[in-house]
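Enquirer: Following this message is one structure expressed as structure tokens.
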Amino acid sequence: MAASSHLTVALNRAEPFSGSNSLPSLIGLSTRYGKSRLLLVRTSSWRSPKRTLVVRNVSSEPTQKLKDPVADEESATGASTFEPDSSSIAASIKYHAEFTPLFSPDRFDLPKAYFATAQSVRDALIINWNETYELYEKLNVKQAYYLSMEFLQGRALLNAIGNLELTGAYAEALSKLGCELENVACQEPDAALGNGGLGRLASCFLDSLATLNYPAWGYGLRYKYGLFKQKITKDGQQEAAENWLEMATLGIVRNDIRYPIKFYGKVVVGSDGKKNWIGGEDIEAVAYDVPIPGYKTKNTISLRLWSTKAPTEDFDLAAFNAGEHSRASEALASAEKICHVLYPGDDSFEGKVLRLKQQYTLCSASLQDIVARFERRSGANKKWGEFPEKVAVQMNDTHPTLCIPELMRILLDLKGLSWEEAWNITQRTVAYTNHTVLPEALEKWSFELMQKLLPRHVEIIELIDEELVRSIISEYGMEDKVLLRGKLKELRVLENVDLPAAYSDIFIEPEESSIITSAEGHVISNSVDDKNSSKLAKSVDGDETVKGNDELESQDKKVKLISPPPPPPKMVRMANLCVVGGHAVNGVAEIHSEIVKDEVFNAFYQLWLRISNKTNGVTPRRWIRFCNPDLSTLITKCTGSEDWVLNTEKLGELKKFADNENLQNQWRIAKRNNKLKAAAFLKERTGYTVSPDAMFDIQVKRIHEYKRQLLNVLGIVYRYKKMKEMSAAERKEKYVPRVCIFGGKAFATYVQAKRIVKFITDVGATVNRDPEIGDLLKVIFLPDYNVSAAEILIPASELSQHISTAGMEASGTSNMKFAMNGCILIGTLDGANVEIRQEVGADNFFLFGAEAHEIAGLRKERAEGKFIPDPRFEEVKDYVRSGVFGAYDYEEMIASLEGNEGFGRADYFLVGKDFPSYIECQEKVDEAYRDQKRWTRMSILNTAGSYKFSSDRTIHEYAKDIWDIKPVELP
């Protein structure tokens, strides 16, 4: 009662929301507005932070010192500071509109307002940004380096303003200039640097690293066209290039930070005995830095993105003037295309080459940069043994695996260390986060391709593999050859590659001989004498018949030589290399980490590997505080302060108010406001009108068979069919109105995923135009789903579907965002769902489906022909086949759910098995939603129980258990 009465008083207060009264010290610049224009003036009390920046190319000897032109100015007062207000911010925006022009001067429209505002924010960030790394440089602290192929940031402007606690000031400043902050911010395109959870997690981690004052860098690639811009047509998903860089503003090119990257060529031994990688194709990686400001701290860290180019001299001017224009720019085009597209299609050989080039570029440029920083800080007292005490490299999945041989190459070939020294340093420096249990996602690269593209790295990988073979033999001995053979096959980095020469005689194989059969298929002989071997050799393709010995000739029997199967391809197993080459491996959810121990890396785990769990998290700044201000205000009033934004454990205090009627009423109002905003957004983007009174049921994530969007839409089809069989009164009584929203991209070459997208849109086109159904059911596919769309949909969500086949989702992070925003989940016991259900309570999570430990048995049952499909599942498949959703032939999609074996058959992801449980669980959802008091209570308890899933908690665990870094805060 005491808590309830306290809450009622707090909720009824009429005072507007305000941020902290203590604004951070931001801008050491003065502005003076004259009669006709704004001047930005450096006053005598201001000085640039004293910095000396040394950039060293790892592969070259000379050292170049770059000094700030005012670095030697002495000032007793330092940088002048003031608390920005709306007037000074408006002046700064007007200055950039006039003096940092990218638009014509005759009007101040929204794109121009956005650009000028972003430049103003960048001014505010740069001083803190520079001072952050100046402090790290001065203290020479250990730093974490987070390497990822994806960083799915979303829009940066509002996030930066929010973290600077200047949202109100910028809103007021733009209002004075005739603009709305929200409209201005909408001009910013999402940075097309990622696709799904991997990139979103990486961006959340950077936000937490900055907020918690940990010294760190992020490293990635600056993709010109992103993954693709998704368009939905009558034919389904269509892909187009993104154009996000046209309006990108917060990144800064560092023309003095560039490193050479080599491909192809050959390895030679110099007169000094050192290996030299020479010849081949040479390009440059140029740095672009994006500031990542922390929340309620001056600390601002960097996301360094690499862009690729060829040296200017590689442009063949003679060929160009001779009219051979394409040939003239071949080198430039070859270099630049490395950073054109995220995850280029790799069905072709050229696509595979490009992907491997991308991965190596990220690793090589980043490692050269890290090594150069270590050398600069060490000065004359450079001790390579201390490198792991200053550097922690985290590989986000297997894409940055080449960090291991690249660091070895630098230490061995360029710095002159011994193998033992370099290997010890590398293992102590590098750590690996596993994100998948899917075999196809545990990367393997063609040995021949890698040998051609990166010859020196393959030599190093072969030596690493030899070290591993030695360890395996030492551990298991040579008595049990069957056991040893199995362990080597499972653990080696190199797959289907002969054992190193030192161990080539461990297994003595009997000589293989050809098998000769008669035309009728009977075995005649399994040996061939020298006389007939040449004749038999001619029949290696099985096309020719040969005579055997005299006896066979007399019998006039035709024989054929059965060719041995082609040898399996030689591969480099990147996940195994990650495990061997680093000091730590972690999973990203409790159930996932157990699967990694028990299945994915079980042989390593039995040998020596220790696998830790670091359950993923998301930043509460972007995913509640900024994207859901109505809910944030309620939480602040309930908990008494905004401390929950930095200390999410305080969200747990909401539990004691879950039954408070006043809170429930305001909670529903906040949710409805978000639904109205989402409905307007969906109307604008899809043309469909949806009712805010309906339940908003959302599944937004990458389109993949294991994520089972197909299960969701088949459930909708079953719902629709049953509705059509009822009278209007029966439908209204039986079903709760729903808006079923899908979003996500299918990879351009993933045919089945694209069929599923097409199917969802066809179901929507039929259902949404059915006058008998009306607002009782709507099906919406949102094109080009991204972070900005998520920031609108997630606060509006009431039910969210996380329904992957148990044991196949590593963690998921969108499930955490939905729970934080008071959305109730329906899902399987997979990934972080398990922990979310534990925290929010089993009664506040809709659970269905088979569990992870049952999956293998269920697939075996299917293969043996013992699976009996539920009649309701057969009914819904027949309904799809009836053509009710259009003329498109969905036979191949439906056939994938049928049969007992074969590629693309046998329902590998168990849609049919879980279908009955799923639709029965959906009936429980309808029942709960009818009782709005119960539903609102469940919603509050989901937000309360989400406190564990902050990326701040995850980063603290990485910092303590893996990286061994400490916070360093700007004074």
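Enquirer: Along the positive direction of the dipole of the chain (beta-carbon charges: Lys, Arg +1; Asp, Glu -1; about the Cα centre), which of Pro564, Val968, Leu897 reaches farthest?
Expert: Of the listed residues, the answer is Val968.
Enquirer: With a Förster radius of 25 Å, plug the Cβ-Cβ distance of Leu414 and Glu281 into 1/(1 + (r/R0)^6) and report the FRET value to the nearest 0.05.
Expert: Step by step, r from the Cβ atoms, then E = 0.85.
Enquirer: Which net charge results for the neighbourhood of Pro311, defined as the other residues with beta-carbon distances under 9 angstrom from its beta-carbon, given Lys and Arg at +1 and Asp and Glu at -1?
Expert: Its environment carries a net charge of -3.
Enquirer: Taking Lys722 as the anchor, which lysines have their alpha carbon closer than 21 Å to its alpha carbon, excluding any fewer than eight residues away along the same chain?
Expert: Counting by Cα, and skipping residues close in sequence, Lys722 has these lysines nearby: Lys732, Lys734, Lys778, Lys877, Lys913, Lys924.
Enquirer: Once you charge only the Cβ atoms, +1 for Lys and Arg and -1 for Asp and Glu, what is the size of the charge dipole of the chain about its Cα centre, to the nearest 20 debye?
Expert: Roughly 3040 debye for the chain.
Enquirer: Also: Looking at the stretch 285-353, which chymotrypsin sites (Phe, Trp or Tyr not before Pro) are DSSP coil and have at most 16 other C-beta atoms within 10 Å of their C-beta? Spell out each step's value before the answer.
Expert: On the way: sites: Tyr288, Tyr295, Trp306, Phe315, Phe320, Phe349; in loops: Tyr295, Phe315.
Here the chymotrypsin sites (Phe, Trp or Tyr not before Pro) that fit, given the DSSP loop and packing criteria, are Phe315.
Enquirer: Note down the relative contact order for the stretch 666-962 as a percent, whole number, built from C-alpha pairs under 8 angstrom at least six residues apart. Don't skip to the end; give the middle numbers.
Expert: On the way: 445 pairs, mean separation 60.0, N = 297.
So the answer I get is 20 percent.
Enquirer: Hey, another quick one. Picking from Ile919, Asn163, Phe747, whose Cα lies most toward the positive end of the charge dipole for the chain (charges on Cβ: Lys, Arg +1; Asp, Glu -1)?
Expert: Asn163
Enquirer: Below 8 Å between Cα atoms, with a sequence gap of 6+, how large is the relative contact order for the stretch 104-210 in percent?
Expert: 40 percent
Enquirer: Still on this structure, I have one more. Need one number: the % of Cα-Cα pairs in the stretch 666-962 sitting beyond the 35 Å mark.
Expert: Across the stretch 666-962, Cα pairs with separations above 35 Å total 16 percent.
Enquirer: Select from the stretch 114-203 those GluC sites (Glu not before Pro) which occupy a DSSP coil region and have at most 15 other Cβ atoms within 10 Å, ordered by residue number.
Expert: Glu180
Enquirer: Measure out, as a whole number of angstrom, how far apart the alpha-carbon centroids of the stretch 263-289 and the stretch 413-441 sit.
Expert: First find each Cα centre; the distance between them is then 20 Å.
Enquirer: Further question: What share of the DSSP beta bridges in the chain is antiparallel, in percent to the nearest 5?
Expert: Values: 47 of 92 bridges.
Here the share of antiparallel DSSP bridges comes out near 50 percent.
Enquirer: Same structure again: 222 nm [θ] for the chain, helices only, -39500 (n - 2.57) per DSSP H run of 4+, per residue, to 500? Before the final figure, lay out the partial values.
Expert: Numbers: 36 runs with 403 residues, N = 971.
So the helix-based figure for the chain works out to -12500 deg cm²/dmol.
Enquirer: If you place +1 on the Cβ of every Lys and Arg and -1 on the Cβ of every Asp and Glu, how big does the dipole about the Cα centre of the stretch 922-971 come out, in debye to the nearest 20?
Expert: 260 debye
Enquirer: What nm value, rounded to one decimal, do you get for the distance between Leu110 and Lys655 when each label is placed 7 Å out toward the C-beta?
Expert: Here the modelled spin labels are 4.4 nm apart.
Enquirer: Ok, one more. Looking only at Cα atoms, what is the convex hull volume of the stretch 252-295 per residue, in Å³?
Expert: 129 Å³
Enquirer: Please identify the trypsin sites (Lys or Arg not before Pro) of the stretch 753-792 that satisfy two criteria: DSSP loop assignment and at most 12 other Cβ atoms within 10 Å. Which are they?
Expert: Numbers: sites: Lys754, Arg755, Lys758, Arg769, Lys778; in loops: Arg769.
Of the trypsin sites (Lys or Arg not before Pro), the ones in loops of the stretch 753-792 whose Cβ has at most 12 other Cβ atoms within 10 Å are Arg769.
Enquirer: Which whole-number percent gives the relative contact order of the chain, counting Cα pairs below 8 Å spaced six or more residues apart? All intermediate terms of the calculation are to be shown ahead of the outcome.
Expert: Working: 1709 pairs, mean separation 116.1, N = 971.
In percent, rounded to a whole number, it is 12.
Enquirer: Leaving out same-chain residues fewer than 8 places away, which lysines sit with a Cα under 25 Å from that of Lys296?
Expert: Lys296 reaches Lys50, Lys138, Lys142, Lys637, Lys650, Lys817, Lys948, Lys960, Lys966.
Enquirer: A further question follows. Treating only the Cβ atoms of Lys and Arg (+1) and Asp and Glu (-1) as charged, compute the dipole magnitude of the stretch 843-971 about its Cα centre; round to the nearest 20 debye.
Expert: I would put it at about 480 debye.
Enquirer: Treating the Cα atoms of the stretch 696-820 as identical point scatterers in vacuum, please give the log10 of the normalised Debye intensity I(q)/I(0) at q = 0.17, 0.19, 0.21 Å⁻¹, two decimals.
Expert: For the stretch 696-820, the Cα-only Debye profile gives -0.90, -1.09, -1.27.
Enquirer: Mind checking which lysines have their C-alpha under 18 Å from Lys275, skipping anything on the same chain fewer than 8 residues away?
Expert: Lys262, Lys266, Lys415, Lys452
Enquirer: Which whole-number percent of Cα pairs in the chain have a distance greater than 39 Å?
Expert: Cα-Cα pairs in the chain separated by more than 39 Å: 50 percent.
Enquirer: Which residue, chosen from Ala832, Gln801, Ala678, occupies the Cα position most advanced towards the positive end of the dipole of the stretch 666-962, where the dipole is computed from +1 (Lys, Arg) and -1 (Asp, Glu) charges on Cβ about the Cα centre?
Expert: Final value for the positive-end residue is Ala678.
Read-outs throughout are calculated quantities, based only on the coordinates presented, and are distinct from any laboratory measurement. Not measured: the values here are computed from a predicted model. Cβ sites come from the backbone with ideal geometry, for glycine too, and all protein chains shown count toward neighbours.
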